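S.K.: Handing you a structure now.
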């Protein structure tokens with residue numbers, strides 16, 4: 001993959017908050033990637049084992065304790081969820097946008113509003129792995 005196909009960055013958003021952003025272009029049509037994302041296996045690849053994607057305002061939960069609520073759902077374009085690392089963690093926001101690209105599909109994942117003390121490097125690794133799992137079989 002070239003630098004244009006995948007970029008990863010961690011940026012400070014001021015006042016102690018941090019965000020992680022990953023952009024990846026995969027050589028698969030948008031329809032194929034979206035179809036995979038909206039299966040149980042696809043949403044588990046993204047969020048974790050046990051996650052199920054419901055409609056806007058519906059909660060999701062993973063076996064590892066991560067959980068949240070679906071904040072936005074736009075077919076073929078975007079899924080945005082609140083994200084808690086565990087029962088005591090404050091909410092952050094995970095936004096996955098999909099768009100057509102000449103080479104296939106561009107995925108832009110942004111995890112923002114991270115609390116002080118969060119581990120952006122570990123989160124970046126988590127989301128890089130999630131995007132690889134999501135797009136591996138789409």
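The values are calculated or read from the model by the stated rules, or taken from the named source; none is laboratory data. Because the structure is predicted, anything quoted here is derived from the model rather than measured. In this analysis, Cβ positions are derived from the backbone assuming ideal geometry, glycine residues included, and neighbour counts consider all displayed protein chains.
S.K.: Scan segment 47-65 for residues that are touching a helix residue (DSSP H, G or I) at 6+ places or on another chain (Cβ under 7 Å) and surrounded by 19 or more Cβ atoms within 10 Å (Cβ to Cβ) and jot them down.
M.R.: Once the filter is applied, which keeps residues that are touching a helix residue (DSSP H, G or I) at 6+ places or on another chain (Cβ under 7 Å) and surrounded by 19 or more Cβ atoms within 10 Å (Cβ to Cβ), segment 47-65 yields 51, 53, 60.
S.K.: Hey, another quick one. Mind checking whether some residue in segment 91-112 is modelled with pLDDT of 95 or more, at negative phi, within 16 Å of the chain's Cα centre (by Cα) and exposed (fewer than 13 other Cβ atoms within 10 Å of the Cβ)?
M.R.: The answer is no; no qualifying residue exists.
S.K.: Also, I was wondering about something else. If you scan segment 67-112, which residues turn out to be part of a strand (DSSP E or B) and without any contact (Cβ under 8 Å) to a residue 12 or more places away in the chain?
M.R.: Of everything in segment 67-112, just one residue is part of a strand (DSSP E or B) and without any contact (Cβ under 8 Å) to a residue 12 or more places away in the chain, namely 74.
S.K.: Additional query: Against the condition in a loop (DSSP other than H, G, I, E, B), at pLDDT 95 or above and out of contact with any strand residue (DSSP E or B) (no Cβ under 7 Å at 6 or more places or on another chain), how does residue 44 come out, does it pass?
M.R.: In short, no.
S.K.: If you go through segment 113-126, how many residues are touching a strand residue (DSSP E or B) at 6+ places or on another chain (Cβ under 8 Å) and either surrounded by 13 or more Cβ atoms within 10 Å (Cβ to Cβ) or part of a loop (DSSP other than H, G, I, E, B) (or both)? Quick ask: steps written out before the conclusion?
M.R.: Here is the first cut: in segment 113-126, the residues touching a strand residue (DSSP E or B) at 6+ places or on another chain (Cβ under 8 Å) are 113-115, 118, 120-121, 123-124.
After this cut, where a residue has to be either surrounded by 13 or more Cβ atoms within 10 Å (Cβ to Cβ) or part of a loop (DSSP other than H, G, I, E, B) (or both) as well, the list is 113-115, 118, 120, 123-124.
Adding up the residues that qualify gives 7.
S.K.: Return yes or no: is residue 129 within 11 Å of the chain's Cα centre (by Cα), within 20 Å of residue 19 (Cβ to Cβ) and without any contact (Cβ under 8 Å) to a residue 60 or more places away in the chain?
M.R.: It is true that residue 129 is within 11 Å of the chain's Cα centre (by Cα), within 20 Å of residue 19 (Cβ to Cβ) and without any contact (Cβ under 8 Å) to a residue 60 or more places away in the chain.
S.K.: What about residue 60, is it within 21 Å of residue 93 (Cα to Cα) and assigned to a helix (DSSP H, G or I)?
M.R.: Taking the combined requirement at face value, the residue does not satisfy it.
S.K.: Let me ask something else about it. Residue 134 is checked against (1) at pLDDT 95 or above; (2) more than 22 Å from residue 18 (Cβ to Cβ); (3) crowded, with 16+ Cβ neighbours inside 10 Å and fails just one. What number does that condition carry?
M.R.: It is condition (1) that residue 134 fails.
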